[in-house]
Amino acid sequence: MFCRKNEELQAFVYEAKKVTKDGNVADYIPALGRANVEDLSIAISYPDGHCVFAGDIIEKMTLQSISKIISLAMVLIENGPDAVFEKVGMEPTGDPFNSIARLESMVPSKPLNPMINAGALVVTHLISGESVAARLEKLLKFIRKMANNSAISFNEEVAKSEYDTADLNRSLCYFLKQHHLIDENIDDLIDLYTKQCAIELNCLDLARIGLVFAMNGVDPITGEERMPPSIAKICKTFMVTCGMYNASGEFAIKIGIPAKSGVSGGIMAAVPGKFGIGIYGPSLDKKGNSIAGIALLEHLSKKYQLSMF
Ligand code: GLN
């Protein structure tokens, strides 16, 4: 894909970079702690095939929680919404993404939505296949098609770093297993989930994935359908209600664009009918969202009136 550096965008990046010092890189997954706090880059992918960028867009990031919306799309295609939403809800939470609290207080016990870790673990559990490797390969194939990049793979070091320290996610899994929401070996599920989160790509790839969601599941550049419009619609709705964790309400008011973030500092955004955005900025705010990425999106949304509301 032809992608041009854009001076205006570069000026916005320069401005937004100033807030990187107010955040921190995630270090609860040790391998993520080595990211450069000052990095910030953005790519925007348009339906006519052109693309603009600013910053170092070749730099790779791991998907982390952004993977949750993609695994959800794939599992919805495979199982249909009824089977998926029998096991995971549709409601936002005001809790942090890795909270265990509501699992116990909800009756019957069921994760509130697929964007919090508990719900995402149920979704990953639903990826069918004979082995962890086969299930991961299926997800990778899906992501490669969405991003139109056959070179996408996962970062083994980041996956292992999370696997070795994933005690909270393991606790969520044991709880979910006790309540019959998952019925597989927990080590296998954590193995698959941490590899899913460690899938590695760059801003250009993220922008192209965002474009597919923005265009209701069709890649306008190849003309191929990646998912039915009804599933793209479900995903975009979750991006609005739960995509930015427990900051989704404020994000909807200030920015108003369906988006999904990850603790690596990535944000994938889909401006309905218009374009896809990929951002990498590893300095995070207190809720785990890219602090400069949000500043940049807020600026773009206000300047170009991108809010869907
Ligand atoms: N792999 C991370 C975790 O489960 C993803 C979380 C995130 O990006 N918010 O903790």
Number of the condition not met by residue 234 [criteria: (1) surrounded by 24 or more Cβ atoms within 10 Å (Cβ to Cβ); (2) farther than 21 Å from residue 50 by Cβ; (3) in contact with a Pro (Cβ under 7 Å, 6 or more places away or on another chain)]:
(1)
Condition check: under 20 Å from residue 176 (Cβ atoms), in contact (Cβ under 8 Å) with a residue 40 or more places away in the chain, surrounded by fewer than 21 Cβ atoms within 10 Å (Cβ to Cβ) and in contact with a helix residue (DSSP H, G or I) (Cβ under 9 Å, 6 or more places away or on another chain). Does residue 65 satisfy that?
no
Would you point out which residue out of 75, 13, 88 is closer than 26 Å to residue 179 by Cβ, in a helix (DSSP H, G or I) and among the β-branched types (Val, Ile, Thr)?
75
Where a residue in the stretch 194-215 is surrounded by fewer than 24 Cβ atoms within 10 Å (Cβ to Cβ) and its partner, wherever it lies, is in a strand (DSSP E or B) and β-branched (Val, Ile, Thr), with Cβ under 7 Å and at least six apart
200/62
In the stretch 31-89, the residues that are within 16 Å of the ligand (Cβ to nearest atom), of a type in the set (D, E, K, R) and within 17 Å of residue 121 (Cβ to Cβ):
68
Any hit, the stretch 292-302, residues being without any contact (Cβ under 8 Å) to a residue 12 or more places away in the chain and surrounded by fewer than 22 Cβ atoms within 10 Å (Cβ to Cβ):
yes
Yes or no: residue 28 in contact with a Ser or Thr (Cβ under 8 Å, 6 or more places away or on another chain) and either within 16 Å of the ligand (Cβ to nearest atom) or not basic (Lys, Arg) (or both)?
yes
In contact (Cβ under 8 Å) with a residue 24 or more places away in the chain and within 27 Å of residue 202 (Cα to Cα): is that true of residue 134 in this structure?
no
Please state which one of 190, 143 is in contact with a strand residue (DSSP E or B) (Cβ under 8 Å, 6 or more places away or on another chain), buried (at least 21 other Cβ atoms within 10 Å of the Cβ) and touching a residue at least 24 places away in the same chain (Cβ under 8 Å).
143
Would you point out the residue of the stretch 90-115, among those that are over 17 Å from residue 74 (Cα atoms) and within 14 Å of the ligand (Cβ to nearest atom), that is surrounded by the most Cβ atoms within 10 Å (Cβ to Cβ)?
111
For residues that are within 13 Å of the chain's Cα centre (by Cα) and assigned to a loop (DSSP other than H, G, I, E, B), scanning just the stretch 182-226, find the one that is nearest to the ligand (Cβ to nearest atom).
198
State the number of residues belonging to the stretch 7-29 that are out of contact with any Gly (no Cβ under 9 Å at 6 or more places or on another chain), at pLDDT below 95 and not hydrophobic (A, V, I, L, M, F, W, C).
1
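The values are calculated or read from the model by the stated rules, or taken from the named source; none is laboratory data. This one's a predicted model, so the numbers in the text were calculated from it and none came from an experiment. Note: ideal-geometry Cβ built from the backbone for every residue, glycine included; neighbour counts use all protein chains shown.
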